[in-house]
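In what follows, a single structure is set out as structure tokens and then discussed.
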């Protein structure tokens, strides 16, 4: 067997998805180390907001809807995470808030101790909810990145007293 064939048949857990997750983990870690967690969150916020705008437009176009209702927003958030190998589910929803759980992060184990990556979820969810419903405040109560067993994400849909008291990031319709 020649060298190329030997290397080609090597049993490695390497594919594009694993490579990209590792790349994102290393990039976010370098960013957190160089500028700190808060600044890293800020940089990832910019990426998450743009992705949220694109995903919102993609879903509205695919569904032929000018705007999504609350139930549709919740379904879109669960679906988009499903498509990228997350396992989000709706815990509850009403006119005040949507509460989501998650059993599997799209970044897999690469998210461990990389809290800044959670800003992708916050910004994508917050942008989609705010663009369609006018306002959102995203609270990351529990995250796999912080080594919680699951994520718990609360999206407040009105600036209520409960929302105001909760630590999170606010999003407004553009």
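The values are calculated or read from the model by the stated rules, or taken from the named source; none is laboratory data. Predicted, not measured: the structure shown is a model, and the values here were computed from it. Counting neighbours? That spans all protein chains shown, and the Cβs are built from the backbone with ideal geometry, glycine included.
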### Query
Filtering the range 132-171 down to residues that are surrounded by fewer than 18 Cβ atoms within 10 Å (Cβ to Cβ) and in contact (Cβ under 8 Å) with a residue 40 or more places away in the chain, which residue is nearest to residue 41 (Cα to Cα)?
169
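Scan the range 45-67 for residues that are over 11 Å from residue 127 (Cβ atoms), in a helix (DSSP H, G or I) and more than 14 Å from the chain's Cα centre (by Cα) and jot them down. Talk me through it step by step, then tell me what you get.
Pass one, the range 45-67, residues over 11 Å from residue 127 (Cβ atoms): 46-47, 58-67.
Within this subset, residues satisfying the condition of being in a helix (DSSP H, G or I) are 46-47, 58-63.
Of everything in the range 45-67, those that are over 11 Å from residue 127 (Cβ atoms), in a helix (DSSP H, G or I) and more than 14 Å from the chain's Cα centre (by Cα) turn out to be 58, 59, 60, 61, 62, 63.
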### Task
Just give me the residues in the range 101-138 being modelled with pLDDT under 95 and under 16 Å from residue 168 (Cβ atoms), in sequence order.
115, 116, 118, 119, 120
### Query
Inside the range 85-100, can you point out the residues that are under 27 Å from residue 16 (Cα atoms), modelled with pLDDT of 95 or more and out of contact with any helix residue (DSSP H, G or I) (no Cβ under 6 Å at 6 or more places or on another chain)?
86, 87, 89
## Note on the structure
Scanning the range 102-131 residue by residue, those surrounded by fewer than 22 Cβ atoms within 10 Å (Cβ to Cβ) and farther than 26 Å from residue 23 by Cα turn out to be 131
### Task
Give just the number: which of (1) within 23 Å of residue 159 (Cβ to Cβ); (2) modelled with pLDDT of 95 or more; (3) crowded, with 16+ Cβ neighbours inside 10 Å does residue 81 not satisfy?
(1)
